[in-house]
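Engineer: Here it is, the structure in full.
Every read-out reported here was derived from the displayed coordinates using simple, explicitly stated rules and does not represent laboratory data. This structure is a prediction, so every number in the text was calculated from the model and none was measured. We place every Cβ from the backbone using ideal geometry, glycine too, and count neighbours over all the protein chains shown.
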Amino acid sequence: MKQRELCVFPLIMCCALFVFACATTEPVSGTIEASEPVIDHEPKQTRNTSDYIQEYVNGMSLVELVGQLFIIDLRAPLTGEPFQELNPEITEIFKEFHPGGVILFGGNLRSPQQIRHFITDLQDLSATGLFVAIDEEGGPISRLNYSPLLSPGLMPSAGDIGATCDIRYAYTAGTLIARQLVSLGINMNNAPVADVLTNPDNPVIGKRSYGSDPELVGGMAAAFLDGLNAGGIIGVMKHFPGHGDTASDSHSGAVYVSQSAAGINKRELIPFSIGIHGGARAVMTGHITVPNVDKVPATFSRVFLEDILRQQLRFKGLVISDSLAMGAVTRYWSADKAAVEALKAGIDIILIPDDLQAAFKGVMSALERGELPEFLIREKVLRILRLKADYGILDKSTVFPDVQASFHFPEINEFRQEVLKARLP
């Protein structure tokens with residue numbers, strides 16, 4: 001497969017012109033002002049140096065290094081029952097696998113105090129600070145609204161925000177969500193969705209997308225990322241290289257996009273290009289196969305992850321897989337094979353392996369036989385720890401606000417109504 005040139009810089013100029021033309025020049029009447037950052041998210045200059053990170057990596061065992069490559073979910077292995085508090089099973093998992101992060105779903109969440117206590121216990125259990133991730137996109141994908149004891153208020157969907165054609169609403173949405181997450185101790189949000197919705201039969205994206213115009217989607221996603229970052233939250237753009245033109249759901253099986261390489265460049269990649277050049281720190285891959293570009297899903301494709309994402313789009317941050325427990329993976333790869341192939345292709349962090357023990361052992365075995373070189377694992381861990389250090393996660397230096405005093409957001413419903421009224425016909 002020949003490397004394909006992407007017209008990155010011309011696209012960025014066009015996108016910038018589009019965003020400025022799209023956004024109104026006068027303040028929107030009644031727009032809720034973005035609040036000040038909740039926590040200090042600036043890089044920790046006293047400790048976040050290359051020498052310090054390198055020394056930290058050098059002091060880790062191979063098992064600890066491999067553990068950093070996994071973000072795991074927290075549920076009983078046999079029953080699937082979600083955990084809501086620290087227990088012997090979690091303690092044993094951390095002792096054996098040293099995961100680099102956890103992801104919380106609705107079933108893990110009961111109340112603000114329970115979540116904060118749970119996360120604090122998890123961070124105390126881990127020698128290295130954890131990524132604590134969640135999917136809080138707004139609209140239909142809101143883990144925080146799963147429990148009636150939380151229910152901070154329903155944020156407008158990306159589709160509704162996109163329909164306003166005003167990127168300030170996307171920024172404000174990012175800041176409001178960041179305030180919620182920070183108050184609970186969560187530090188990573190698997191959002192925004194940067195997919196361009198072009199297939200009306202798409203069963204999984206819908207109003208999770210900002211729209212069908214690539215430049216609009218890119219401008220909105222970049223603004224949302226800025227809002228998250230202003231509040232101290234790491235945003236994760238997804239689902240690279242774009243899930244908006246699919247007619248099936250990767251949760252259940254294989255997903256294909258019939259676009260040519262030129263078509264992908266002109267549409268699906270534009271939002272990611274805008275977000276990356278706007279400072280995105282993490283990108284999540286989708287298990288999407290584009291046969292005209294490569295024969296394997298993007299999560300396992302060096303063409304997509306190395307040639308396009310790293311080289312052409314010049315992305316230097318973390319590449320995180322979508323869940324490897326999805327049908328698009330489990331129907332075709334074993335847990336150990338999927339983990340190894342993803343890392344070889346360019347994934348830095350494996351999200352939710354279908355079988356943690358098998359995936360972990362598969363990576364260790366690949367290292368022993370030389371299929372995965374140790375220097376490659378160390379490079380990935382360096383990227384992971386740099387990002388953790390920048391957000392005060394590595395040394396657990398971030399000071400969070402008091403959850404009892406802060407988990408109250410009456411302005412969310414007001415913001416949602418304002419966005420709905422501002423939608424263009």
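Engineer: Determine how many Å³ per residue the convex hull of the Cα atoms of the stretch 188-341 encloses.
Structural biologist: 98 Å³
Engineer: What spacing in nm lies between the two simple spin-label points modelled at S111 and E411, each 7 Å away from Cα in the Cβ direction?
Structural biologist: 2.7 nm
Engineer: While we're on this one: Please build a GNM for the chain, connecting alpha carbons under 10 Å apart, and tell me which residue among G59, G211, G317 fluctuates the most.
Structural biologist: Result for the chain, Cα springs under 10 Å: G59 fluctuates most.
Engineer: DSSP loop GluC sites (Glu not before Pro) in the stretch 67-105 with at most 15 other Cβ atoms within 10 Å of their Cβ, which ones?
Structural biologist: E85
Engineer: Here is a follow-up. Can you pull a Stokes-Einstein diffusion coefficient for the stretch 189-232 at 20 °C (1.002 mPa s), Rh from Kirkwood over Cα pairs, as a whole number of µm²/s?
Structural biologist: 195 µm²/s
Engineer: Hey, in the GNM for the chain with a 10 angstrom Cα cutoff, which one of L376, L130, L197 fluctuates hardest?
Structural biologist: In the Gaussian network model the winner is L376.
Engineer: Turning to a different aspect of this structure: Would you please give the residues with an amide H less than 5 Å from that of E136, counting only those at least 5 places away or on a separate chain, with H modeled from the backbone geometry?
Structural biologist: Residues meeting the amide H criterion: N190.
Engineer: Provide the gained length on full extension for the span D121 to E92, in nm with one decimal, where the gain is 0.36 nm per separating residue minus the Cα-Cα distance.
Structural biologist: Contour length minus the Cα-Cα distance gives 9.1 nm.
Engineer: Still on this structure, I have one more. Can you check what the net charge comes to around S61, using other residues whose Cβ is under 15 Å from the Cβ of S61 (Lys, Arg +1; Asp, Glu -1)?
Structural biologist: -3
Engineer: Among residues other than D354 whose Cβ falls under 14 Å from its Cβ, what is the net charge (Lys/Arg +1, Asp/Glu -1)?
Structural biologist: Computed value for this residue: -1.
Engineer: Given R₀ = 41 Å, FRET efficiency for E368-L420 by Cβ-Cβ distance, to 0.05?
Structural biologist: That gives a FRET efficiency of 0.15.
Engineer: Rounded to the nearest 20 Debye, what is the dipole magnitude of the chain about its Cα centre when Lys and Arg each give +1 and Asp and Glu each give -1 at the C-beta?
Structural biologist: About 680 debye.
Engineer: Right, something else. Return the whole-Å distance between the Cα centroid of the stretch 370-425 and the Cα centroid of the stretch 239-289.
Structural biologist: Here the answer is 22 Å between Cα centres.
Engineer: Right, something else. On a 25 Å Cα-Cα criterion, which of the cross-link pairs K238/K316; K238/K380; K207/K344; K207/K380; K295/K361; K95/K238 come out too long?
Structural biologist: Over 25 Å Cα-Cα: K207/K344; K207/K380; K295/K361; K95/K238.
Engineer: How long are the three semi-axes of the equivalent ellipsoid for the chain, computed from the Cα gyration tensor as the root of 5 times each eigenvalue, in whole Å, largest first?
Structural biologist: 30, 27, 20
Engineer: May I pose another question? Of the candidates A262, A178, A158, which one comes out as most mobile in a Gaussian network treatment of the chain with C-alpha springs shorter than 10 Å?
Structural biologist: A262
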